[in-house]
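The values are calculated or read from the model by the stated rules, or taken from the named source; none is laboratory data. All values derive from a computational prediction rather than experimental measurement. Here Cβ is always computed from backbone atoms with ideal geometry, including for glycine, and neighbour counts include all displayed protein chains.
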Amino acid sequence: MPAIFEPGFFTSSPVHVALVAGGAVAIVSAVIGVFTVMRGQSYAGHAFSDISVTGGSGSFLIGISPLWGFAGASVLAAAIMDLIGIRKPRGRDLATGIVRGAGLGLAALFLHWDTTQTSASGVTITVLFGSMFTIASSIVPVIVAFSLVSLGVAALLYRPLLLSTVSTDLAFARGIPVRLAGAAFLAAVAVAVSLSAMTIGAILSTALLVGPAATAMRLTSRPALAFAWSALISLAATWLGVLLAYDSFYWPPGQHGWPVSFFVVTLIFVFYLAAQPVASRRARAGRASAPAGGE
Amino acid sequence: MTDRPLAPAPQHPSHTQDAEAPPAEVLAVDGVSVRLAGREVLKDVRFSLRRGEFAGLIGSNGAGKTTLLRVILGLTHPVSGEIRVNGRPSNRHTRARGGAIGYVPQKILLDPDMPVRARDLVGLGLDGQRLGLPRPSRIRRERVDAMLAAVGAERFADARVGNLSGGEQQRIMIAHALISGPRLLLLDEPLANLDLRSEQEVVSLLARIAKEQQVAVLISAHEMNPLLPVMDRVVYLAAGRAASGPADEIVRTEVLSELYGHHVDVLHVHGRVIVVAGRGDAPHAPPTPGPEETARTW
């Protein structure tokens, strides 16, 4: 009978790193994710995750922490997407698609060089699917700092972003610099995605960005609570995922742990499905209290 | 065109400007001309609004109603002329102050999946332009509650804005625009896509707000009949030019023909006003772009 906390869980330093870095990143992705989903920018978020692959695979070629590669590539992509015109209704998918395509092309080259010209084995798996237990503890302070900056931007722009998300016309009428706020937010999405590329992997980071946010938005109609629920769900999925992955070393048939990212992403999906009864009850209540037509 | 309840005879629009103590001028549009993409959209438009005045900005689609509202908001810049709001020029710098002008944009699509309640949107009317996280306070909540009550929206205050009906959303938009206490309220086609009952409710709500809170209300519409019973002033836009005054002085065959630059007929049918292109005696309407080639109500 396997234990809930297998021996050594609380004393293992890779576990500490995974809990701290994974936890910080979970909260950032979840908070930025609510705005991302509300603003209909999930595809842009997904593009950043693809482009992180480019940066991550490039960073192994020049021997720096993948975090710098993830963040550098995503923020650069955000700037190019803004220049192409992501704020325009039609420009949105266009800017995202063009930049994403170009980025993935480079990723193909970088991953090819990674696997043929360097001794870094398993780079592809690390970049794509992350490895929370192998994060260098030296990079953890940078992860926490990036997390705080990203959360700070979200907190600072909370009301202007919320209003311009509801309607850019209303925001313009109040003198909110909609374009500037949108660009700052896009940069925050880029940073959030590159952070989660470090923990659950570049290709899976969309799951952390979109999953908890989408679940939270089904649970509550209050904006502040949506952010809180999203953060809570994301943190729970990440920490439970770390625990399960650690325990899986002890599971039969033997001595090979399962990937953390698998558990985190699966838990996020399970939470989303579990929210269904709450969502449908809320929808029924909403219809009952707000009949169509006037008074 | 659906049947709507009869408006009072348009020859006698309700006109409640009393002679004593002329109310302060809230909006002055002074010879404003606007060019968009090389086309002259507005030509030398001038009119003014006083406190508590309820004005209809009437014109067909493409007459320049939205452009005029955007100029007043400071979002579009005129090539000549000036806008003064409360005696001060309106431009993008004054707009940043927020709250001087309440604005309800043309029908916006609100996503039902968005976790934003009616009361949240009204609250953003108070401080949506501020940086940092909102601090919940009793005073803020009471102001939002009072505003929701003033527009009759208590019943759906906690529902998601995206789940509300068109009429309910208009009430919330009006509350959002009014809560910061502006002296001028601009509404862009607020009656479009509303059913008859919601339309009447929104019109009477706006008329009440204008009088009770002494707000100058300027409401754009392509159909003037719902507004006739309560309108103090009509600002009629046609061919980029404007005529402004009491409805019974402006909505006349001579005035509107002059404005359109060709003959139109103003007909009164069962208390409703219908503007028709072409000479009454001519068998065929002239092919010039008029109010409309075929008869339709405005």
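Taking the options B:Leu259, B:Leu227, name whichever one is over 17 Å from the mean Cα position of the chain (by Cα) and of a type outside the set (Val, Ile, Thr).
Being over 17 Å from the mean Cα position of the chain (by Cα) and of a type outside the set (Val, Ile, Thr) holds for just one of B:Leu259, B:Leu227, which is B:Leu259.
Quick one: A:Gly45 ticks every box in (1) assigned to a helix (DSSP H, G or I); (2) more than 20 Å from the chain's Cα centre (by Cα); (3) not polar (S, T, N, Q) bar one, so which box is it?
Among (1) assigned to a helix (DSSP H, G or I); (2) more than 20 Å from the chain's Cα centre (by Cα); (3) not polar (S, T, N, Q), the lone unmet condition for A:Gly45 is (2).
Can you list the helices (runs of 4 or more DSSP H) found entirely within the stretch B:190-279 that contain at least 2 residues being free of Cβ contacts under 8 Å to residues at least 12 places away in the same chain?
Helices (runs of 4 or more DSSP H) meeting the threshold: B:196-212, B:253-260.
Return the residues of the stretch A:158-170 that are within 13 Å of B:Arg130 (Cβ to Cβ), facing chain B (nearest Cβ under 7 Å) and either in contact with a helix residue (DSSP H, G or I) (Cβ under 8 Å, 6 or more places away or on another chain) or surrounded by 24 or more Cβ atoms within 10 Å (Cβ to Cβ) (or both); say none if nothing qualifies.
Across the stretch A:158-170, the qualifying residues are A:Arg159, A:Pro160, A:Leu162, A:Leu163.
Looking only at residues that are at pLDDT 85 or above, surrounded by fewer than 18 Cβ atoms within 10 Å (Cβ to Cβ) and part of a helix (DSSP H, G or I) in the stretch A:244-271, which one is farthest from the other protein chains (Cβ to nearest Cβ)?
So, considering only residues that are at pLDDT 85 or above, surrounded by fewer than 18 Cβ atoms within 10 Å (Cβ to Cβ) and part of a helix (DSSP H, G or I), the one farthest from the other protein chains (Cβ to nearest Cβ) is A:Ser248.
Considering only residues that are surrounded by 20 or more Cβ atoms within 10 Å (Cβ to Cβ), of a type in the set (A, V, I, L, M, F, W, C) and more than 8 Å from chain A (Cβ to nearest Cβ), which ones fall in the stretch B:122-154?
Scanning the stretch B:122-154 gives B:Val122, B:Leu126, B:Val144, B:Met147, B:Leu148, B:Val151, B:Ala153.
Give just the number: which of (1) at pLDDT 90 or above; (2) closer than 30 Å to B:Asp158 by Cβ; (3) among the charged types (D, E, K, R) does B:Asp111 not satisfy?
Against the list (1) at pLDDT 90 or above; (2) closer than 30 Å to B:Asp158 by Cβ; (3) among the charged types (D, E, K, R), B:Asp111 comes up short only on (1).
Among what's in the stretch A:198-229 and is more than 10 Å from chain B (Cβ to nearest Cβ) and not aliphatic (A, V, I, L, M), pick the residue that is surrounded by the fewest Cβ atoms within 10 Å (Cβ to Cβ).
Among residues in the stretch A:198-229 that are more than 10 Å from chain B (Cβ to nearest Cβ) and not aliphatic (A, V, I, L, M), the one surrounded by the fewest Cβ atoms within 10 Å (Cβ to Cβ) is A:Thr206.
Those residues that are over 13 Å from the mean Cα position of the chain (by Cα) and more than 11 Å from chain A (Cβ to nearest Cβ), I need them from the stretch B:178-208; list them, please.
Listed by number, the residues that qualify are B:Leu178, B:Ile179, B:Gly181, B:Arg183, B:Asn193, B:Ser204, B:Arg208.
Just for helices (runs of 4 or more DSSP H) wholly inside the stretch B:35-137: which have at least 3 residues that are touching a residue at least 40 places away in the same chain (Cβ under 8 Å)? Give the derivation first.
Numbers: elements: B:65-73, B:92-95, B:118-127.
Here the list reads B:65-73, B:118-127.
Condition check ((1) in a helix (DSSP H, G or I); (2) surrounded by 16 or more Cβ atoms within 10 Å (Cβ to Cβ); (3) not small (Gly, Ala, Ser)) across all residues:
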position	(1), (2), (3)
A:Leu76	yes, yes, yes
A:Trp113	yes, no, yes
A:Ser138	yes, no, no
A:Val142	yes, yes, yes
